[in-house]
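Presented below is the structure to which this report refers.
The values are calculated or read from the model by the stated rules, or taken from the named source; none is laboratory data. A quick note: this is a predicted structure, and the numbers were derived from the prediction, not measured. Every residue, glycine as well, gets a Cβ built from its backbone with ideal geometry; the counts of neighbours run over all protein chains shown.
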Amino acid sequence: MQDVLYTKFGQEPPIEIRPLFNEIRELPDSPEEGLYWDGKELKFHWYDEHHQIEREVYFNFRETLSDLQKKLGPPPKELLGRALGKGESLEVWDISGGTGRDALSFYHWGHKVKVFERHPIIAALLINALRLEPRMIERFEVVYGSAHELNHIETPEVIYYDPMYPEEIKKSRPRKEMALFKVLTNGDSDQETVLDWALNSGAKRIILKRPIKASECSPKPTASFKGKTIRFDLWQRG
């Protein structure tokens with residue numbers, strides 16, 4: 001099996017992502033192709049056996065923000081914005097980073113965002129995307145690790161949690177980003193533990209993204225903002 005990390009043209013990846021290399025090399029069942037650095041972008045490349053095609057994905061925050069500027073309305077007109085509530089320059093923790101799109105929505109609305117991602121490959125993709133946009137660093141941070149397992153000296157005003165449900169991964173359409181998660185993870189099996197930590201963290205608002213038909217949570221949310229396929233459950237504290 002080829003090393004999950006390799007470079008094109010013999011160039012060394014940036015120093016910001018090198019600490020993750022050992023973590024990635026120790027992953028069980030490393031993907032056949034893997035993560036590579038082309039001199040600018042950090043990309044993940046793999047062969048999709050089910051669809052018999054090669055896939056490649058990378059995260060580009062500038063492109064995502066440009067797309068959000070075209071599609072995203074002001075907070076009161078968006079489900080996620082309504083769950084977020086009123087307030088300017090809130091400190092928001094996205095404790096399940098993924099592609100970073102929801103975190104970038106918070107950033108787009110003017111908030112200070114900290115993203116936690118515990119899978120080292122996905123974290124590396126996020127960190128490199130941020131490295132390419134130094135103007136964002138003042139209000140945007142990416143942390144490798146599980147928020148509920150790290151020591152924190154501060155408490156955010158808002159915690160946002162979008163767990164990856166195993167059944168979602170099995171039924172998902174083959175978008176490149178979702179296909180990436182299919183390759184790398186089987187979903188978050190500790191959702192209840194993480195949610196319990198968030199609810200007892202001291203944050204004023206805890207937002208949980210769920211499929212619209214998912215069962216009710218306990219304790220009962222303060223409010224729920226429902227769309228056609230998803231909903232945002234909100235717990236308000238204090």
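Data table
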| read-out | value |
| --- | --- |
| Total residues in region 105-137, condition among the aliphatic types (A, V, I, L, M), in contact with a strand residue (DSSP E or B) (Cβ under 9 Å, 6 or more places away or on another chain) and closer than 18 Å to Val57 by Cα | 9 |
| Number of positions in region 221-236 that are surrounded by fewer than 20 Cβ atoms within 10 Å (Cβ to Cβ) and touching a residue at least 24 places away in the same chain (Cβ under 8 Å) | 7 |
| Flag if Glu23 is in a loop (DSSP other than H, G, I, E, B), at pLDDT below 95 and outside the structural domain of Val113 (by TED's automatic domain parsing) | no |
| Some residue of region 105-117 being modelled with pLDDT of 95 or more, on the phi > 0 side of the Ramachandran plot and in contact with a Ser or Thr (Cβ under 9 Å, 6 or more places away or on another chain) | yes |
| Single residue of region 123-153 satisfying the filter (under 13 Å from the mean Cα position of the chain (by Cα) and more than 19 Å from Pro14 (Cβ to Cβ)) that is surrounded by the fewest Cβ atoms within 10 Å (Cβ to Cβ) | Gly145 |
| Test for Pro211: is it assigned by TED's automatic domain parsing to the domain that holds His152, farther than 24 Å from His152 by Cα and surrounded by 13 or more Cβ atoms within 10 Å (Cβ to Cβ) | yes |
| Cβ pairs under 9 Å, 6+ apart, first in region 182-205 and outside the structural domain of Tyr161 (by TED's automatic domain parsing), second at pLDDT below 95 and surrounded by 17 or more Cβ atoms within 10 Å (Cβ to Cβ) | none |
